[in-house]
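The values are calculated or read from the model by the stated rules, or taken from the named source; none is laboratory data. From a predicted model like this one, the values you see are computed outputs, not experimental measurements. Please note: Cβ atoms are built from the backbone with ideal geometry, for glycine as well, and neighbour counts cover all protein chains shown. Surface accessibility is based on the protein's heavy atoms, side chains included, excluding ligands, DNA and RNA. Shrake-Rupley method; radii C 1.70, N 1.55, O 1.52, S 1.80 Å.
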Amino acid sequence: APAAGRAPQKYLIQNHSGLRVFYWADKTERYGAQKTCALAAGASETLRVAPAPKRLRTVAVGKGTWTERWGTAINLHFEGNWMPLLDVAVSVVGKYRYLMDSAASRGHLPVIVDIFLVGRTKIITLHSGIW
């Protein structure tokens, strides 16, 4: 339960990728198995899953150094012939780049996940090279 006087964190997800995206979070002790939700290109909504606590590994762009920390994450699967992006960090404000691999070819497409805070709501905005 949240500490007295603290409102729970809220999330809003915005899809500016140009593709429909499916999102879900891993099963947790607190929430159990969670549903998969679909979000149309250009749409936004309150996140309908609770991000799962995870040990996340990130690399500093241009430096090649790894950082590990605890955070919360969701999983994304973009419509089409793309492999899912697993453990997409949503707990820390910033811009994050992921590479979405094609299931049919050796190609990949960058996806930018931009997270910013407005009041007590974290806004998760998805961008891709398609849009």
Count of segment 35-49 residues which are open to solvent by 70 Å² or more (accessible area, probe 1.4 Å) and charged (D, E, K, R)
2
Identify, please: which residue in segment 20-36 is modelled with pLDDT of 95 or more and touching an Asp or Glu at 6+ places or on another chain (Cβ under 8 Å) and is, among those, farthest from residue 130 (Cα to Cα)?
22
Could you tell me how many of the residues in segment 1-19 are modelled with pLDDT under 95 and open to solvent by 60 Å² or more (accessible area, probe 1.4 Å)?
9
Can you report the number of residues in segment 96-130 which are closer than 22 Å to residue 57 by Cβ and among the hydrophobic types (A, V, I, L, M, F, W, C)?
9
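Each row is one residue, and each column tells you yes or no for (1) exposed (fewer than 15 other Cβ atoms within 10 Å of the Cβ); (2) more than 21 Å from residue 122 (Cβ to Cβ); (3) modelled with pLDDT of 90 or more.
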site	(1), (2), (3)
58	no, no, no
75	no, no, yes
79	yes, yes, yes
84	no, yes, yes
100	no, yes, yes
Taking segment 102-117 and the residues there that are within 19 Å of residue 24 (Cβ to Cβ) and either of a type in the set (Asp, Glu) or within 15 Å of the chain's Cα centre (by Cα) (or both), the one that is surrounded by the fewest Cβ atoms within 10 Å (Cβ to Cβ) would be 115
What tally of residues in segment 118-131 results from selecting those that are over 12 Å from the mean Cα position of the chain (by Cα), touching a residue at least 12 places away in the same chain (Cβ under 8 Å) and either within 20 Å of residue 69 (Cβ to Cβ) or in a loop (DSSP other than H, G, I, E, B) (or both)?
4
Residues of segment 87-117 being free of Cβ contacts under 8 Å to residues at least 12 places away in the same chain and either assigned to a strand (DSSP E or B) or closer than 18 Å to residue 42 by Cα (or both), which ones?
108
